[in-house]
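Heads up: the structure comes next, in C-alpha cells.
The values are calculated or read from the model by the stated rules, or taken from the named source; none is laboratory data. Here the structure is a predicted model, which means the values were calculated and not measured. Because the Cβ atoms are built from the backbone with ideal geometry, glycine has one as well, and the counts that use them run over all protein chains shown.
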Amino acid sequence: MVLVKGLISLIVLLCLVLSVLFVDFVYKTFSLKQREVHADAIVVLTGGRGRVDEGVRLYREGQGRLLFLIGVDPSVRKSELYKGEGSDGVILEQVSRNTLENAIYARDLIMKHHVNSIKLITSRYHMKRATIIFRNALPKDVAVYPHPVDSRNLKEEWWNHGGSFKLLFSEFYKYCMFRFFFLLAPGELRPLPLAS
C-alpha cells in the first residue's frame with residue numbers, strides 16, 4: 001500500500017512539474033518579439049505560411065546582406081521566391097527536410113559565407129525548438145536573433161482551441177527531447193575545428 005501511495009505521489013508530482021514547464025514554454029513562445037536588428041544573414045526555415053515573405057521583406061529592407069531560404073522544395077526555382085535586385089545574395093538550400101537537417105545545412109552556408117550573425121525566421125510555435133537546435137549547430141561566436149512569424153493555426157487562446165493546444169504540446173515535447181539531448185551531448189552538432 002505504501003508503495004502504491006508513493007507511486008501515485010510521484011506521478012502527481014511529475015504531472016505537476018510537466019504542467020508548469022509546459023505553461024512556461026507557452027508563455028515564452030507567445031512572449032517572443034521581433035527585434036529590429038541588422039544581421040549578416042537572414043535565415044528562413046521555409047514550409048510555413050508567411051515565413052518566406054517576411055524574409056524577403058527584411059532582406060529588401062537591408063536587414064541582412066544575405067538571404068538563405070532553407071528547406072526549399074527541389075522543384076522550386078529561385079525566381080519563384082525572389083525577383084528583382086539583390087538576387088545574387090539569395091541562396092536556396094534544397095536538401096534538408098526537418099529542423100535538425102535545416103540547421104546542419106544552414107550551418108554549411110553560414111560558415112562558407114563567413115556569417116557572424118543570423119536573423120532566424122520560422123513560425124512562432126516552432127521558434128524555441130529551432131533556436132535551440134541552431135544555437136547548438138552553429139559555432140558559439142555566431143549570434144542567433146529569433147524572428148517569429150505568426151500563423152493562423154496558432155491561437156492566443158490556445159487552451160480553448162484544440163488544434164493550438166495539440167500543436168504547442170507537440171512542440172513542447174520535441175523541444176524537451178532536444179533540450180535533454182543537448183544536456184547530455186553539449187556541442188554535439190557543432191562543426192569540428194579545421195586542422196591547422
(request) Looking at (1) buried (at least 18 other Cβ atoms within 10 Å of the Cβ); (2) in a helix (DSSP H, G or I), find the lone condition where LEU183 falls short. (result) (1)
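Filter the stretch 35-46 for residues that are part of a loop (DSSP other than H, G, I, E, B), under 15 Å from the mean Cα position of the chain (by Cα) and within 15 Å of ALA143 (Cα to Cα) and give the result.
Of all residues in the stretch 35-46, those part of a loop (DSSP other than H, G, I, E, B) come to 35-38, 46.
Now restrict to residues that are under 15 Å from the mean Cα position of the chain (by Cα): 46.
Result: no residue meets the conditions.
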(request) Among residues belonging to the stretch 140-157 that are at pLDDT below 85 and more than 16 Å from ARG51 (Cβ to Cβ), point out the one that is surrounded by the most Cβ atoms within 10 Å (Cβ to Cβ). (result) LYS155
(request) Look at LEU45 and say whether it is among the aliphatic types (A, V, I, L, M), touching a Cys at 6+ places or on another chain (Cβ under 9 Å) and under 21 Å from LEU168 (Cβ atoms). (result) no
(request) Could you look through the stretch 130-139, keep only residues that are buried (at least 22 other Cβ atoms within 10 Å of the Cβ) and under 26 Å from TRP158 (Cα atoms), and pick out the one that is nearest to the chain's Cα centre (by Cα)? (result) ALA130
(request) Could you identify the single residue in ARG49, ARG65 that is surrounded by fewer than 20 Cβ atoms within 10 Å (Cβ to Cβ), at pLDDT 95 or above and not in a helix (DSSP H, G or I)? (result) ARG65
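Restricting attention to the stretch 1-34, report how many residues are in a loop (DSSP other than H, G, I, E, B) and not basic (Lys, Arg). Write out each step before concluding.
Let us first name the residues in the stretch 1-34 that are in a loop (DSSP other than H, G, I, E, B), namely 1, 32-34.
Going one step further and asking which of them are not basic (Lys, Arg), we end up with 1, 32, 34.
Count: 3.
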(message) Take the residues in the stretch 158-178 that are loosely packed, with under 14 Cβ neighbours inside 10 Å and not aromatic (Phe, Trp, Tyr); name whichever of them is farthest from the chain's Cα centre (by Cα).
(response) ASN160
(message) Every residue in the stretch 19-42 that is exposed (fewer than 14 other Cβ atoms within 10 Å of the Cβ) and either charged (D, E, K, R) or over 26 Å from VAL149 (Cα atoms) (or both), please.
(response) ASP24, LYS28, LYS33, ARG35, GLU36
(message) Kindly evaluate VAL90 against the criterion of being within 30 Å of ALA185 (Cβ to Cβ) and modelled with pLDDT of 95 or more.
(response) no
